[in-house]
Amino acid sequence: MKKRNIIIYIMLCAVVLIPFFFIIHAYALSYSLIGQTARLKQSIPAKIYDRNGELIAELFDEYRDYAAISEIPDSIKCAFMAAEDSSFFMHSGIDFTGIMRALIVDIAGGRLRQGGSTITQQLAKQVYTSRERSVKRKLVELFLAREFEKTLSKEQILEMYLNRIYFGHGVYGVRAAAWFYFGKKTGDINIAEACVLACIPSSPERFSPLKNPAASYEKSRAVMFNLVASGYISKSAAAAMFTQFWENFTAESMTRFTEAGIREEKNDRAPWFTEYIRRELVGMFGAEMVYGGGLVVMTTVDILYQKYADTVMDEALREQNRRAVWQNRAGLNRIEMQYAKLSAGRNAKHASKKNSSAERAVLWNRAFFDNIADEVSVAALITGRDFVDEKVNGAVNLFDRMIKKSRAEGAVAVMDPSNGEILALCGGSRFSRSNQLNRAVQSRRQPGSSFKAFVYGSAIESRKITAATSFYDLPLTYKSRSDTWKPSNYEKDYSGRVLTRGAFAMSLNIVSARIYDIAGGGSITRFASGLTGVPVERFQTDPTLSLGTSELTPLEMATGFCAFANNGFAVTPHGIREIRDSSGKILFTSGDRYKKVRVMDERTAFIMTDIMRGVVDSGTAVYAVRSAGGFHYPCAGKTGTNTDFRDAWFIGFTPEIVAAVWIGCESPEFSLGSGRSGAAIAAPVWGKFMSQVYSTRRSRPFGPAPRGITTRTICSVTGKTADKNCRSRREYFLPGTEPSEKCDSLHGKLSNISELISREKNSEGSSADTKLFDRKVEAETDDSETFIFR
């Protein structure tokens, strides 16, 4: 009997003490949670502004636009209380009447239909607890609700609640929801719209008016009835407003996707630039701070310039792809041949067999894709031969990928040369989920002849040549132990004797190779590295460097040309001016962080700028910039085209703006098409862009010659001091590099290329020239010169 009594006592104690300790544990847990004030902070998007204070984008995981309680109208407050907690201002965090009513409804219905939670309890659940259904979670929620009521006012609780609740489609908070669903500010929301918003948080998937308008209609009508019952609005006014709203909303929502998300709805006005900034911000602060810390980022971009860059590039790419290689028979044949070689190469060991097999494969593939590919795929599915269908689809997908890689893309990088600020950044055609490679900063391509600005600049800076140095544009051959290289000009002809200025304006490749010999590869790479900020190791140091074979990005090329426009000072490209946190505290400022560094004599920069002005005034870009582009203000620049028209460039500048334009196929294995050079397609884009930019600002002329520069009247043919019978011009020189000889006026007698070649050969025999070029000269029957390069 005693033992039984002891067992009963133990059981009674357990029945009493276990719930008691469980409640104590829940209270202790709630007490520890309430001290975690960081949980009270809400995720707020980072806002990115342009240089003039215009909002261009927001970065977020949870889109929330915080609204103070004073900014939220009574219609929204009353609608949410009517939907969730009608006695909000009367209870102290827990509504026992509501809990009992919900319990009765649940028992009568045989399942959980109502929760009975107050707004304060719902806030506690959102801030501290998970969505799990358990007794422990409910107890913690009750204790937290009571604690909230002790420490916060009703207005504060309601403000936190309305800014935290989830409305579906990636939207958090009433201000963001008002914008997403109705395109309105919170202050403009009417009662019917407030009722629709109030019904969503209990089940965002079920009551979203976009996904399930019928359920939203019924639920919001019930909320409106509660408002009528409370006397907030008359029955007739409520009926009229409610009916009118749903008629309008139904018509408007027909043009929206039911699965639309806030990321698709929020308009990013400069997606290429935004992505560039996003990467920088994540590297500086981490993803959590960027997407939820409420950063305010003031950038360097000008949204108007960005619009111009996006527009002109989009138009150029549309035109290029309209006439693209895969839309004509010759180009399509090239793609078919490359496609066939992929399969032929697996079996053919020798090149001749591979080409022969590929030619036969082209014919077979063409017949297969045009006639029986679909039928084979269907037959394979019917007979259960899935591997056959996979092979067919794989072949089709491979061909489609090759077509995609042959499509033209482009980039524009625009900078302020005085400080390195990025004014616009276009990374390609339309930005999308499948097209996010920012070619302006991530794609390295061969700059072609546009790199000659660094070749010539290096030679002038080191006083190896002047703007009046005379060269012979004649056949040239370089030989190494394993290779032979014969540079040729774009027009496949020769100009004979030509001066530095004219050679640059005409973009003569052979002259650029000769200057490489004079200046030296090491000097050129160090010079280019200083201007662009690119490590020396990335440059390929051999004579082909003179024609721009080392790959650079458009932003790097723009950075390099900034030094010419900025009197010899190099700048660091950057897109952020200032960053503040959500409280206004400055976290980052560019300030003196990006200092200018002198990388060349300002007199060299002036001479090179003056030479490059000739490119757009009388050289390769005169028609493209002045006529096709319509830009008539003072400017300078250089076109660039590499082998087989794979890349087309133009980098140009005014005293205030540097812009680099690149256009090329997605993969460098494909050509833009014969004649699609930098002057043909890139320079017109630059001209059109600058025309639009300068329609909004005043043009400023280039500055006068800096102190210390000298001028001479030279012969336009020989580069020597002009004789009275010479065709002459004034030329700029670094001190001590002026021509010392006077022209003998015999240049008119050299009437053909053969005679020039003969004179060049005779002059090349001197030991002085051999030492100057550090090369071995060999006579050849084709009137060319051969250089041994190491």
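The values are calculated or read from the model by the stated rules, or taken from the named source; none is laboratory data. On a predicted model such as this, the values are computed, not experimentally measured, just so you know. Positions of Cβ are generated from backbone atoms using ideal geometry, with glycine treated the same way; all protein chains shown enter the neighbour counts. Remember, those area values only see protein heavy atoms, side chains included, never the ligands or the DNA or RNA. Shrake-Rupley method; radii C 1.70, N 1.55, O 1.52, S 1.80 Å.
I want the local charge near Trp649. Using Cβ-Cβ distances under 14 Å, sum +1 for each Lys or Arg and -1 for each Asp or Glu among the other residues. Residues near Trp649 contribute +3 overall. Across the range 226-237, computed HN-Hα scalar couplings (Karplus, 6.51 cos²θ - 1.76 cosθ + 1.60, θ = phi - 60°) run 4, 5, 5, 5, 7, x, 6, 9, 6, 5, 5, 5 Hz from first to last residue, x flagging Gly and Pro. Put simply, the amide H of Arg598, placed in the peptide plane, has neighbours under 5 Å in Ala570, leaving out anything fewer than 5 places away on its chain. Ordered from largest to smallest accessible area (heavy atoms of protein chains, 1.4 Å probe), the residues Arg322, Arg646 come out as Arg322, Arg646.
Shown for the range 501-610: the carbon plus sulfur share of the solvent-accessible area, taken with all protein chains present and a 1.4 angstrom probe, equals 47%.
Just to verify a number: FRET efficiency for Thr711 and Ser740, C-beta to C-beta distance, R0 = 25 Å, to 0.05? Intermediate results must be reported in sequence, preceding the final value.
Numbers: r = 15 Å, r/R0 = 0.62.
Approximately 0.95, to the nearest 0.05.
Once the other residues with Cβ under 10 Å from the Cβ of Val717 are scored (Lys, Arg +1; Asp, Glu -1), what is the net sum? Taking every other residue near Val717 into account, the sum is +3. For the range 533-632, a simple Cβ point-charge model (Lys and Arg +1, Asp and Glu -1, everything else neutral) yields a dipole of about 400 debye relative to the Cα centre. Picking from Ala505, Thr541, Phe588, whose Cα lies most toward the positive end of the charge dipole for the range 491-638 (charges on Cβ: Lys, Arg +1; Asp, Glu -1)? With unit charges placed on the Cβ atoms, the residue in question is Phe588. Residues whose amide H lies under 5 Å from that of Asp473, counting only those 5 or more places away or on a different chain, are Ser495, Gly496, Arg497, Val498; hydrogens are built 1.01 Å from N in the peptide plane. Protection proxy ranking for 204-214, 79-89, using the average of other Cβ atoms within 10 Å per residue and placing the highest first: 79-89, 204-214.
Can you grab the distance from the C-alpha centre of the range 620-638 to the C-alpha centre of the range 159-237, Å, no decimals? Cα centroid of the range 620-638 versus Cα centroid of the range 159-237: 57 Å apart. Placing unit charges on the Cβ atoms only, positive for Lys and Arg and negative for Asp and Glu, gives the range 39-90 a dipole magnitude near 200 debye about its Cα centre.
What ranking, highest mean first, results for peptides 276-286, 420-430, 450-460 when packing means the other Cβ atoms within 10 Å averaged over each residue?
Put in order of decreasing packing, that is 450-460, 420-430, 276-286.
In order along the range 613-624, phi translates into HN-Hα couplings of 5, x, 5, 8, 9, 8, x, 5, 10, 4, 6, 4 Hz, rounded to whole numbers, per the Karplus curve 6.51 cos²θ - 1.76 cosθ + 1.60 with θ = phi - 60° and x for Gly and Pro.
Any chance you could check the Cα centroid distance between the range 570-589 and the range 446-503 for me, in angstrom? Centre-to-centre distance over Cα atoms comes out at 43 Å.
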